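The values are calculated or read from the model by the stated rules, or taken from the named source; none is laboratory data. None of the values given here were measured: they were computed from a predicted structure. When we count neighbours, we look across all protein chains shown, and the Cβ atoms used for this are built from the backbone with ideal geometry, even at glycine. Ligands, DNA and RNA are stripped out before the accessible areas are found, and what is left, the full protein with its side chains, is counted by its heavy atoms. Shrake-Rupley method; radii C 1.70, N 1.55, O 1.52, S 1.80 Å.
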Amino acid sequence: MLVRFATSVAAYALIAGAAGAQDGPVKIGVLSDMSSIYADITGEGSFAAARMAAEDAGPVLGQPVQVISGDHQNKADIGSAIVRQWYDTGGVDMVTDGGSSAVALAVEEVSREKHKLVLFNGPASSDITGPRCSPYAAHWNYDTYALAHVTGSAVVKSGGKNWFFLGADYAFGHALERDTAAVIEQSGGKVLGAVYHPINTSDFSSFLLQAQASKAQIVGLANAGADTINAIKQGSEFGIVAGGQKFAALLMFITDVHSLGLKVAQGLQYTSAFYWDMDDASRAFSKRFFERIHHMPTMVQAGVYSATHHYLEAVQAVGAKDPDKVMAKMRETPINDFMTKNGKLRIDGRVVRDMYLLQVKTPEESKGPWDYVTVVQRVPGDDAYRPLDQGGCPLVKKAEAQ
């Protein structure tokens, strides 16, 4: 188990007697994949983003914010054990990033039990704010419902009616396939089949052969990170695209495009809550981030900053770390930063913000390093995310009854 600590000890010592010291400093835990297939998407970049938000906030409740990190290793038992220790004896007030979907669902239960906050950015399963919703959890970035409805519907409308899914065999992959299949069928398309692979698969040959044999127009990739990269690279070698089929990358990141290269990735469409080159504010943040991590931020890493920033503003406004009061303040305050304009945190924990359908440029269209995508469409948050009354969140029913 990897756990690290980042704070200014000297600054802490100077103001230890300041207001708020009796409760200790605000402490944030970044639970992430530091060493495996999602490390580029999350990992060190998520840790750096949280530290940037803490530094920008300055002293909160009279003390510097502390940020630590832990490696969940994509294992639910390890992730939940780290968070339990953080909450019980580590003095952690809020956890962010949050791991893969399987890890996140386990962590959400610990958060609920301990009455401590968790602001998810890495996981995708829409169940986090559906049947499994919690008053102490927020889903800050994308989810499988939004990915399905933005990318899935766009591909079907452009003529991709018949699909075959290649997905990761855990909560995320199954949820993404489920949500996208519903969109396809509602749009008049058809799902011809699905196959699931273990996480961190190196050889996709048997799965790609099944996708080819299906004759589906679209091979929907319900996976992420290195699994998506390897599936597309090996699919190119197998002649998937040359044979007339197309990939739909249902969850993709700027770092994936960088790894694939524009020659292989060109034309792929995917959904994101953030792109570094959207406007002056996104470029300014991304430049600062690049100086630390040496690649442009993914939407997970940008979201970790956004969530941490909004949380710290709420703590400062409330004047205490009380999780119920802080969460209430976060819900009542619009979210405005370099990646979010007038976002809102709903009672079910879902953050509603605009999403973007992106398309990877050709090598000829790119004007320089990291100039990789074109914004095809902006999708308003209320259209991208699941309606509040359709997720099965018990908190919604409780609020309606009051």
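Numerical summary
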quantity	calculated
Accessible area (Å², per residue) of segment 99-175, counting only protein heavy atoms and a probe of 1.4 Å	23
Per-residue SASA entry for ARG178, accessible area with 1.4 Å probe, Å² rounded to 10	100
Accessible-area order (highest first, 1.4 angstrom probe) of the listed residues ASP33, ASP23	ASP23, ASP33
Tensor-based shape of segment 122-193 (alpha-carbon gyration tensor, a/c under 1.5 rounded, otherwise prolate or oblate)	prolate
Nearest-10 value in Å² for the accessible area of GLU364, using the 1.4 Å probe	150
Helix-derived mean residue ellipticity, 222 nm - over the chain, DSSP H n ≥ 4, -39500 (n - 2.57), to 500	-12000 deg cm²/dmol
Of all accessible heavy-atom area on the chain, the percent that carbon and sulfur account for (1.4 Å)	51
The chain: relative contact order as a whole-number percent, Cα under 8 Å and 6+ apart	17
In nm, spacing of pseudo-spin labels at GLU55 and HIS115 (7 Å Cα→C-beta vector)	3.6
Theoretical gain in end-to-end length, LYS263 to ASP324 [0.36 nm per residue, Cα-Cα removed]	17.0 nm
Flagged links, alpha-carbon separation over 31 Å, of LYS27/LYS233; LYS116/LYS190; LYS263/LYS341; LYS215/LYS367; LYS114/LYS397	LYS27/LYS233; LYS116/LYS190; LYS263/LYS341; LYS215/LYS367
For the chain, share of DSSP beta bridges that run antiparallel, in % to the nearest 5	35
Angle between the chain longest axis and helix 323-332 axis [Cα atoms, degrees, rounded to 10]	60
